[in-house]
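Enquirer: Encoded as structure tokens, here's the structure I'll be asking about.
The values are calculated or read from the model by the stated rules, or taken from the named source; none is laboratory data. Given the structure is predicted, the values throughout are model-derived calculations rather than measurements. Don't worry about glycine lacking a Cβ; one is built from the backbone with ideal geometry, like all the others, and counts go over all protein chains shown.
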Amino acid sequence: MKIFIKRLITITMALAMFLAVSAQAQEIVFGDAGWDSMKFHNAVAMLIAEEAYGMSTREVSGSTAITYNALKTGDIHIYTETWTDNIAPYQQDVEDGKVIELGINYADNIQGLYVPRYVIQGDESRGIEATAPDLKTVADLKDYAGIFQDPEDPGKGRIYGAISSWAIDDIMRKKVAYYGLDEMYNYMDPGSDPALAAAIAGAYEKGEPIVAYYWEPAWITGKYDLVLLEDAPYEPEGYLKGETACPSIPLTVAVNPDFYEANPEYSEFLSNYYSSSALTSEALAFLSENDASYEEAARWFLKEHGDMIDDWLPEDKAALVRAALD
């Protein structure tokens, strides 16, 4: 009997050790729906999972529809940047407990028509004089078509619009028509995100005027000093008609319910996680300027903004992260 009890104790201890090691080595899966800001936030959260909580991590890439469905089924555990308004069933899924919303990553994202600040204020250091000093709103563009001249149609200005396959493109086209800008501007479909970014970067580096659709966070808005032109206050019906500003969308941190139950400590970190559009743009600009990996950007970011580590993590876990960054 004593031998049996000793063996039972030994087996129990071995099982406990196995479970402890297994928990420590647990692999957690992040959803990657394809855009840079989500990949960056994944990299930050993955680094913390590995260094502070002893977890292994990986990403699963795919469309929003595929990866979000995998979040609900448990094949993906974490969404660090959930564009809530772009996922039709999201709010109902939260109410039904199919996903757990832990908090808001950031909610100050914006989009619309931008111009370089030097167009309005000039840039003495670059020898650039202001060419549209009274330009403040989208409606004001009607007075400056000659400044934003279309090189292929000099009698009109050019507005670089959104990509034609994006829903926002229809709204931007309606906005141009609503303000009567279509009479004096050509609305140009840039064809792709890289082409749009290249047009803005090219004009900015030369100090030339440009008006273009863009959004924050993004590396372009992190690297260059651009001004979002003011619009009428956001109103849902008016927005769809192009008559108001675009809304800011709360981008949440969401997890699979089973993962949440099994990982309370790491879920607590995720519930504390926050950033901002400006901070995210800053990180994306670092990525672009340094041809860095997402992991390198995450390490750089955590060194630059060490106070956020203390906001996110308990003292002992924060110390582990800092040690890993040295």
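Enquirer: Checking residue 217 against (1) more than 25 Å from residue 104 (Cα to Cα); (2) crowded, with 19+ Cβ neighbours inside 10 Å: exactly one of these is not met. Which one?
Expert: So the condition that residue 217 fails would be (1).
Enquirer: Please specify each residue of region 76-101 satisfying the condition of being in contact with a Ser or Thr (Cβ under 9 Å, 6 or more places away or on another chain) and surrounded by fewer than 22 Cβ atoms within 10 Å (Cβ to Cβ).
Expert: Once the filter is applied, which keeps residues that are in contact with a Ser or Thr (Cβ under 9 Å, 6 or more places away or on another chain) and surrounded by fewer than 22 Cβ atoms within 10 Å (Cβ to Cβ), region 76-101 yields 83, 84, 86, 87, 90, 91, 94, 100, 101.
Enquirer: Suppose the filter is in contact with a Gly (Cβ under 9 Å, 6 or more places away or on another chain), at pLDDT 90 or above and either over 26 Å from residue 213 (Cα atoms) or not in a helix (DSSP H, G or I) (or both); does residue 102 pass it?
Expert: Answer is no for this residue.
Enquirer: Checking the conditions here, which among 62, 122, 157 is farther than 22 Å from residue 175 by Cα and in contact (Cβ under 8 Å) with a residue 24 or more places away in the chain?
Expert: 62
Enquirer: Let me ask another. Can you tell me how many residues within region 246-258 are part of a loop (DSSP other than H, G, I, E, B) and either hydrophobic (A, V, I, L, M, F, W, C) or touching a helix residue (DSSP H, G or I) at 6+ places or on another chain (Cβ under 7 Å) (or both)?
Expert: 5
Enquirer: Could I ask something else about it? Please determine, by comparing only the residues of region 211-223 that are touching a strand residue (DSSP E or B) at 6+ places or on another chain (Cβ under 7 Å) and of a type outside the set (A, V, I, L, M), which one is nearest to residue 150 (Cα to Cα).
Expert: Among residues in region 211-223 that are touching a strand residue (DSSP E or B) at 6+ places or on another chain (Cβ under 7 Å) and of a type outside the set (A, V, I, L, M), the one nearest to residue 150 (Cα to Cα) is 213.
Enquirer: How many of the residues making up region 108-139 are at positive phi and in a strand (DSSP E or B)?
Expert: 1
Enquirer: When you go through (1) farther than 16 Å from residue 141 by Cβ; (2) assigned to a loop (DSSP other than H, G, I, E, B); (3) among the charged types (D, E, K, R) one by one for residue 170, which number turns out not to apply?
Expert: Checking residue 170 against (1) farther than 16 Å from residue 141 by Cβ; (2) assigned to a loop (DSSP other than H, G, I, E, B); (3) among the charged types (D, E, K, R), the one that fails is (2).
Enquirer: Name the one entry in 310, 291 that is free of Cβ contacts under 8 Å to residues at least 12 places away in the same chain, in contact with a helix residue (DSSP H, G or I) (Cβ under 6 Å, 6 or more places away or on another chain), over 27 Å from residue 94 (Cβ atoms) and assigned by TED's automatic domain parsing to the domain that holds residue 87.
Expert: Result of the check over 310, 291: 310.
Enquirer: Let me ask something additional. Can you name the condition, by its number, that residue 171 falls short on among (1) surrounded by fewer than 15 Cβ atoms within 10 Å (Cβ to Cβ); (2) within 22 Å of residue 196 (Cα to Cα); (3) of a type in the set (A, V, I, L, M, F, W, C)?
Expert: With respect to (1) surrounded by fewer than 15 Cβ atoms within 10 Å (Cβ to Cβ); (2) within 22 Å of residue 196 (Cα to Cα); (3) of a type in the set (A, V, I, L, M, F, W, C), residue 171 is out only on (1).
Enquirer: Among the residues of region 243-261 satisfying the criterion of being among the small types (Gly, Ala, Ser) and modelled with pLDDT of 95 or more, which is surrounded by the fewest Cβ atoms within 10 Å (Cβ to Cβ)?
Expert: Filtering region 243-261 for residues that are among the small types (Gly, Ala, Ser) and modelled with pLDDT of 95 or more, the one surrounded by the fewest Cβ atoms within 10 Å (Cβ to Cβ) comes out as 245.
One line per residue, one yes/no per condition, for (1) among the aromatic types (Phe, Trp, Tyr); (2) in a loop (DSSP other than H, G, I, E, B):
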residue	(1), (2)
244	no, yes
260	yes, no
271	no, no
275	no, yes
280	no, no
289	no, no
292	no, yes
300	yes, no
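Enquirer: Next question. Does residue 225 count as of a type in the set (D, E, K, R), touching a Pro at 6+ places or on another chain (Cβ under 9 Å) and touching a residue at least 60 places away in the same chain (Cβ under 8 Å)?
Expert: So residue 225 fits the description; yes.
Enquirer: Now for a separate question. When only residues in region 184-206 that are assigned to a loop (DSSP other than H, G, I, E, B) and in contact with a Gly (Cβ under 8 Å, 6 or more places away or on another chain) count, which is surrounded by the fewest Cβ atoms within 10 Å (Cβ to Cβ)?
Expert: Within region 184-206, the match that is surrounded by the fewest Cβ atoms within 10 Å (Cβ to Cβ) is 189.
Enquirer: Could I ask something else about it? Return yes or no: is residue 181 in the same structural domain as residue 124 (by TED's automatic domain parsing), crowded, with 17+ Cβ neighbours inside 10 Å and out of contact with any helix residue (DSSP H, G or I) (no Cβ under 6 Å at 6 or more places or on another chain)?
Expert: no
Enquirer: If you check residue 60 against the conditions, is it surrounded by fewer than 19 Cβ atoms within 10 Å (Cβ to Cβ) and in a strand (DSSP E or B)?
Expert: So residue 60 passes the test.
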